[in-house]
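We did not get these values from a lab; they are worked out from the coordinates using the rules stated. The shown structure was predicted, so the numbers you read here are calculated from the model rather than taken from an experiment. Don't worry about glycine lacking a Cβ; one is built from the backbone with ideal geometry, like all the others, and counts go over all protein chains shown.
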Amino acid sequence: MTKKQQNKKSNYSTFAGIIYPSHLHVTSAIYKMAECYKHYSFSREEFYITENIQFMIGNNRFYHCESETIIGIDGEITNTAELIYELENYGYSFTEKSYGEVVAKAYKYWKSTFISKLEGSFSIVIYDPNKKELILAKDKIGHRSLYWSLHQGYFVFATELKPFINTGIIPIQVSYEGLSSYLNLGFFPQDITPFEQINKILPSHHLTYSSKAGVKIMSYWSLSAAFKVNYNHFTGGKVLEIIENHLNEYKTFSKDEICLACNFESLVLLPYLPNISRPFFSELNLSNVFEKLPNLIWQLEEPLAFPNIVIQWINFRSNFDNSSIKYFLSGAGFKELLQLNGPNFKTSSIKTFLQKRKEQITILFTKRILKFSHLLPRNTSLYLLRKQLLSAIELKINESYFIDEFPLNKASLILSKEFNKEIFIYKFHHLDRIKSVFSRSVYLNLKTKIPDLHLLFLEKLARFYNVDTLTPFLDRSIIELLISSNICDEKHAENIYKHFSKSIPDEFKTYTDQQFIGKWRNDKNYKKVCEKLLKGHLVESGLISSSWLKKQLHNIRYSFHQLWAILVLEIWFKIFVTNPLTTSLPNKSVKELLE
């Protein structure tokens, strides 16, 4: 980050807070939480402290209502004009028309259901002293992070994980379920975090807490309901026209305002950005990557197992050389919404091919038997129907996630029992209401991979560099249009993909993350660094098998992604568990950190 960028005011707000069991338990922990946000160079910082309550907000202010209710917002609400118009018709008047004032009036009129009226990318905290009730809420798609913890009567919340570590109140105990999910999926899904005692607020959910009633979590918007609506009058061409009209809104941006992400799904946006400079791709030397990787993991807070994340981050830094840049534009969600998110991080192997063929045969065999389901006992036909659903979804998950590339039963006896594919799928209990396997896969991506991997990465990167993110394919109206129209199938999705991909300039069509990953795989430095894992925390604590790790090091070319996932996790342990760094960037390279 340049000196100009460090001095630039952040476009993000952050907030954190603690509700103590009683005033007798109050400490100065809120100031320790605030220290974790100092690197953002906030224009202002505000505290709200009373009795057993301590809140803070950075780069913003709390909105104080007449009823003494206070409101903190991180992000933006995009439909304030419509809400103001509607509330004025109900007799409300507005003075500043800020997000805080709009939320305050909406909360007063619609009570707890107000959140379903809001559009945008946001996290919200509301404290009502009259009810002694706290509300935390997150936007429908999951653009902003928001975490919470309840431990021995202490309720703690924050927009980042570091403040929890700094309080001294929440035990820093790693979650075995979280680590197992990470090694299977490549990220931490749904409400799971790397820490046992800390949870995420899910997209389109709000949490209510009071010392008497405890924690209540409710959904305020249903993604699965959108799959039931059927816009039969929308042809593929009509849908493309609507998407393109939406993208044309970005044509007004200048090169001084916006930076385009350097990946395939973002390059499809180039024709709609005639005024911006074309991105360039850095030479990604692995030695340079190892110099900066601890910084990235510190910024992300949650380890992500995909090396293409690092490629995007470094390319963003290379293109982000103008302190006037306000927006980071990404095509995130393009491949996931069209189910084109194949195994771009995997290496083909006979074992993977045979596993896939086995699953395809199982699906075909089950389909044939189900034709005679009327001749079978009811329990048997229900079991086969359930098996057909699971097999088809599991196959899609295997293709799109990290699963089956990581033999967890051999790598870790401790963690192998913590993750089960069937249980993971059945957490999404509306999945069986959606008809096609294609649509179910899109639903899964929207519920977990998009918010927990792509949006997490974009948000953390944008926060650190003081810019806002723009994700046109993840606009709620576009998502609902794609999943509720009759074009949500593989054939029409492929046509949409071809339409957008053909507009990518020729010089970018040969670019793939695999070009860089292929070079890294053959780099001698990679093996030298990975050999240090044998004396790392994961092996010494028994979380990863030493004998399994040695075998991977002997065949490093085909174990690249497995070792990368372990390497990222080991670095994360060093930064957040072994010797927690919560207020400043690591000043060590990967090699120095693993010594």
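Here are the numbers:
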| quantity | calculated |
| --- | --- |
| Sorted peptide list for 516-528, 60-72, 80-92, 446-458, criterion being average Cβ within 10 angstrom, highest first | 446-458, 60-72, 516-528, 80-92 |
| Proportion of all alpha-carbon pairs of region 3-221 beyond 20 Å (%) | 60 |
| In order through region 451-459: 3J(HN,Hα) via Karplus (6.51 cos²θ - 1.76 cosθ + 1.60), integer Hz, x for Gly, Pro | x, 8, 10, 5, 6, 4, 4, 4, 5 |
| For Ser123, Ser477, order by how many other beta-carbon atoms lie within 10 Å, fewest first | Ser477, Ser123 |
| Long-range HN-HN contacts of Tyr48 with modeled amide H, under 5 Å | Phe55, Met56 |
| Simple label model, 7 Å out from Cα along Cβ direction - Ile172 to Glu257, nm | 4.2 |
| Three-way shape call for region 9-69 based on the alpha-carbon gyration tensor, with the a/c threshold at 1.5 | oblate |
| Loop trypsin sites (Lys or Arg not before Pro), region 537-595 (other Cβ atoms within 10 Å of the site Cβ: 15 or fewer; DSSP) | Arg557 |
| Computed label-point distance, nm, for sites Tyr31 and Ser93 using a 7 Å Cα→Cβ extension | 4.2 |
| Spin-label pair Val215/Ser547, simplified geometry with 7 Å Cα→Cβ offset, distance in nm | 3.9 |
| Long pairs among Lys335/Lys527; Lys140/Lys410; Lys38/Lys524; Lys335/Lys410; Lys108/Lys140; Lys421/Lys447, criterion Cα-Cα beyond 27 Å | Lys335/Lys527; Lys140/Lys410; Lys38/Lys524; Lys335/Lys410 |
